[in-house]
Amino acid sequence: MHPRKLLKIINIKVMANHKSALKRIRQTEKRKEHNKYYAKSMRNALRDFRALADKKAAEEKFPKLASLIDKLVKKNIIHKNKAANLKSKMAKQVSTL
């Protein structure tokens with residue numbers, strides 16, 4: 001099947017005229033889904049962390065969550081400054097509990 005037809009079947013609007021551009025569109029869609037999954041899982045983890053009321057539990061979860069955020073920075077899913085801000089806020093929350 002022709003690549004343009006494949007892209008139309010999966011509802012991707014295509015303006016590209018070259019094979020390489022069509023491939024780039026497919027790659028971008030795939031990467032976007034992948035990044036969205038990891039960003040959402042990070043937001044869910046942050047939400048769960050913010051809901052913690054026990055200081056001991058928060059101190060246990062903090063390094064794991066910080067590690068998760070660092071991995072997302074390494075994969076360029078979130079910006080390093082955003083990660084620093086998130087980790088700073090989490091540390092502040094742990095200290096105020």
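The values are calculated or read from the model by the stated rules, or taken from the named source; none is laboratory data. A quick note: this is a predicted structure, and the numbers were derived from the prediction, not measured. Reconstructed Cβ throughout: ideal geometry from the backbone, glycine too, with neighbour counts over all protein chains shown.
Observations, loosely collected:
- Residues in the range 41-69 that are exposed (fewer than 14 other Cβ atoms within 10 Å of the Cβ) and within 29 Å of residue 28 (Cβ to Cβ): 5 in all.
- Test: residue 88 is assigned to a helix (DSSP H, G or I), at negative phi and modelled with pLDDT of 95 or more: yes
- The numbered conditions (1) in a helix (DSSP H, G or I); (2) surrounded by 11 or more Cβ atoms within 10 Å (Cβ to Cβ); (3) of a type outside the set (Ser, Thr, Tyr) are all true for residue 32 except (2).
- Filtering the range 15-29 to residues that are part of a loop (DSSP other than H, G, I, E, B) and surrounded by 13 or more Cβ atoms within 10 Å (Cβ to Cβ) leaves only 16.
- Selection from the range 42-77 of residues that are touching a residue at least 40 places away in the same chain (Cβ under 8 Å) and part of a helix (DSSP H, G or I): 46, 49, 50, 55
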